[in-house]
1. Pairs under 7 Å by beta carbon, first residue in contact (Cβ under 8 Å) with a residue 60 or more places away in the chain in the stretch 3-19, partner of a type in the set (Phe, Trp, Tyr) and open to solvent by less than 30 Å² (accessible area, probe 1.4 Å), six or more apart or different chains?
2. Report, by residue number, each residue of the stretch 35-52 that is open to solvent by 70 Å² or more (accessible area, probe 1.4 Å) and of a type in the set (Gly, Ala, Ser).
3. For the stretch 111-122, how many residues are open to solvent by 50 Å² or more (accessible area, probe 1.4 Å) and under 15 Å from Leu18 (Cβ atoms)?
4. Tell me yes or no: at least one residue of the stretch 101-110 is over 30 Å from Ser127 (Cβ atoms), open to solvent by 60 Å² or more (accessible area, probe 1.4 Å), in contact (Cβ under 8 Å) with a residue 12 or more places away in the chain and β-branched (Val, Ile, Thr).
5. Given the structure, is Tyr94 part of a strand (DSSP E or B) and open to solvent by 50 Å² or more (accessible area, probe 1.4 Å)?
6. Could you check how many residues of the stretch 53-84 are open to solvent by less than 50 Å² (accessible area, probe 1.4 Å), out of contact with any strand residue (DSSP E or B) (no Cβ under 6 Å at 6 or more places or on another chain) and either part of a strand (DSSP E or B) or within 13 Å of Cys22 (Cα to Cα) (or both)?
Amino acid sequence: QVQLVESGGGLVQAGGSLRLSCAASGLTFIRYVMGWFRQAPGKEREFVATITWSGNNTYCADSVKGRFTISRDNTKNTMFLQMNSLKPEDTAVYYCAAGSSTTYFTLYREAYRYRYWGQGTQVTVSS
């Protein structure tokens with residue numbers, strides 16, 4: 001009954017930008033740690049970014065720091081990933097995830113800590 005639905009993926013040239021959205025339903029959104037992961041062809045699922053309940057703190061993978069920004073709007077049960085200065089190596093299916101926690105400051109980098117996952121949205125960056 002919990003649903004996470006990603007949107008906003010597409011094809012963009014290197015150096016361009018995309019904004020991904022994750023719409024959540026069926027859960028108390030404000031009490032979930034949220035995260036973004038990605039999986040490129042032939043590669044393992046990779047952590048991208050995570051955000052605390054209120055959005056006051058975030059953590060991004062080294063590969064995207066300074067280029068990607070994770071945020072959330074708890075009034076709309078929606079999480080975002082603003083992706084700037086995109087590179088061909090950013091090409092992947094991007095997944096939204098929600099993880100249970102009992103503290104406002106929790107950030108999760110490990111995929112196994114997330115209980116719910118979206119269906120993914122394709123991001124393709126051409127060179």
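1. Final answer for the pair search is Glu6/Tyr94; Gly9/Tyr94.
2. Hit for the stretch 35-52 is Gly42, nothing else.
3. Just the residues of the stretch 111-122 that are open to solvent by 50 Å² or more (accessible area, probe 1.4 Å), to begin with: 112-113, 115-117, 119, 122.
Going one step further and asking which of them are under 15 Å from Leu18 (Cβ atoms), we end up with 122.
Looking only at that region, the number is 1.
4. Step one: list which residues in the stretch 101-110 are over 30 Å from Ser127 (Cβ atoms), which gives 101-108, 110.
Checking the rest, the ones that are also open to solvent by 60 Å² or more (accessible area, probe 1.4 Å) come to 102, 104-105, 110.
So of that shortlist, the ones also in contact (Cβ under 8 Å) with a residue 12 or more places away in the chain come out as 104-105, 110.
Next, from what is left, pick out any that are β-branched (Val, Ile, Thr): none.
For the stretch 101-110, residues over 30 Å from Ser127 (Cβ atoms), open to solvent by 60 Å² or more (accessible area, probe 1.4 Å), in contact (Cβ under 8 Å) with a residue 12 or more places away in the chain and β-branched (Val, Ile, Thr): absent.
5. Numbers: part of a strand (DSSP E or B): yes; open to solvent by 50 Å² or more (accessible area, probe 1.4 Å): no.
Against the criterion (part of a strand (DSSP E or B) and open to solvent by 50 Å² or more (accessible area, probe 1.4 Å)), Tyr94 does not qualify.
6. Total meeting the criteria: 2.
The values are calculated or read from the model by the stated rules, or taken from the named source; none is laboratory data. Worth saying up front: this structure is predicted, and the values here are computed from it rather than measured. For neighbour counting, all protein chains shown are included, and Cβ atoms are generated from backbone atoms with ideal geometry for every residue, glycine included. These accessible areas exclude ligands, DNA and RNA; they are computed on the full protein's heavy atoms, side chains included. Shrake-Rupley method; radii C 1.70, N 1.55, O 1.52, S 1.80 Å.
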